[in-house]
Amino acid sequence: MPVDKTSILIVEDEPAIVELVSFTLKEAGWQPQAVGSTAEAWEQLQRRIPQLVLLDWMLPDQSGLRLLSRIRGDRQFQELPVIMLTAKSMEEDKIAGLDNGADDYVTKPFSPRELTARVRALLRRKSPEHAQEELNVGPVTLDPNSCSVSLHGQKIEIGHAEYKLLKFFMANPERVFSRSQLLDKVWGDHVAIEERTVDVHVLRLRKALKEGESLIRTVRSVGYMLSEK
């Protein structure tokens, strides 16, 4: 199913917030579409895939988190950017949202400017790993057209899983990802791969990168990141 590059789906049941968000998105040049329940949202997603979903945490039929899990469990929606709209500002809730596959969250009340900035930032962040431009970090170059990786201009042997992992890291430098986030973003299937398998692929990736291995950093008790610093 093709992605509608202009539409943003708002899943929110409070009319005042729907009005504010719709107006804000229209002003920024997007086409908002609003639904008030997770059931309506799922129906709408079956008809066409939006560019991004703004998903409220508390909805009348079930929680936004449940819908998020369903979205991430469906192959055709795995790359769909999702921002949680939440009145919950507790750290545990934010972590729960991110662990369930949210890309970002905006805590109510929020300003229209903040919302627009978050949407733009996420769309920028989501697109690089699907782009076909060459990615360069330090001595490592990744060419999506030939699916090849070079170190100091010399091609290196790299497995398919490690290639996908490296591509994701290079498209999102200087950002820490938990193992569950990497599973979700890189493989998109929690059933087939366990979290500790991520560690195995990171080890193999470091080995393949030879002297470039130090680019892949372990962030203690959180996960991994790609960093030149």
(request) Could you please find all residues in segment 89-113 being out of contact with any Ser or Thr (no Cβ under 7 Å at 6 or more places or on another chain), outside any helix (DSSP H, G or I) and at pLDDT below 75? (result) Met90
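Matching residues to (1) of a type in the set (Gly, Ala, Ser); (2) surrounded by 18 or more Cβ atoms within 10 Å (Cβ to Cβ); (3) in contact with a Lys or Arg (Cβ under 9 Å, 6 or more places away or on another chain):
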residue: Ala16; (1), (2), (3): yes, no, no
residue: Arg66; (1), (2), (3): no, no, no
residue: Ile83; (1), (2), (3): no, yes, yes
residue: Thr86; (1), (2), (3): no, yes, yes
residue: Phe110; (1), (2), (3): no, no, yes
(request) Kindly indicate whether Gly97 is on the phi > 0 side of the Ramachandran plot and either out of contact with any Pro (no Cβ under 7 Å at 6 or more places or on another chain) or not hydrophobic (A, V, I, L, M, F, W, C) (or both). (result) no
(request) Test Arg70 against the criterion of being over 16 Å from Tyr105 (Cα atoms), in the same structural domain as Gly97 (by TED's automatic domain parsing) and modelled with pLDDT of 90 or more, and give yes or no. (result) yes
(message) Is it the case, given these coordinates, that Ser127 is at pLDDT below 85, among the hydroxyl-bearing types (Ser, Thr, Tyr) and closer than 30 Å to Gly29 by Cβ?
(response) yes
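Every residue, every condition in (1) surrounded by fewer than 17 Cβ atoms within 10 Å (Cβ to Cβ); (2) assigned by TED's automatic domain parsing to the domain that holds Arg118; (3) of a type outside the set (S, T, N, Q), yes or no:
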{"residue": "Glu12", "(1), (2), (3)": "no, yes, yes"}
{"residue": "Glu19", "(1), (2), (3)": "yes, yes, yes"}
{"residue": "Thr24", "(1), (2), (3)": "no, yes, no"}
{"residue": "Gly36", "(1), (2), (3)": "no, yes, yes"}
{"residue": "Leu45", "(1), (2), (3)": "no, yes, yes"}
{"residue": "Pro50", "(1), (2), (3)": "no, yes, yes"}
{"residue": "Val53", "(1), (2), (3)": "no, yes, yes"}
{"residue": "Pro60", "(1), (2), (3)": "yes, yes, yes"}
(request) Just give me the residues in segment 24-67 being at pLDDT below 95, in a loop (DSSP other than H, G, I, E, B) and within 29 Å of Glu92 (Cβ to Cβ), in sequence order. (result) Pro50, Trp57, Met58, Leu59, Pro60, Asp61, Gln62, Ser63
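The values are calculated or read from the model by the stated rules, or taken from the named source; none is laboratory data. As the structure is a prediction and not an experimental result, all values here were calculated from the model. Neighbour counts are summed over all protein chains in view; Cβ atoms, including those assigned to glycine, are modelled from backbone coordinates with ideal geometry.
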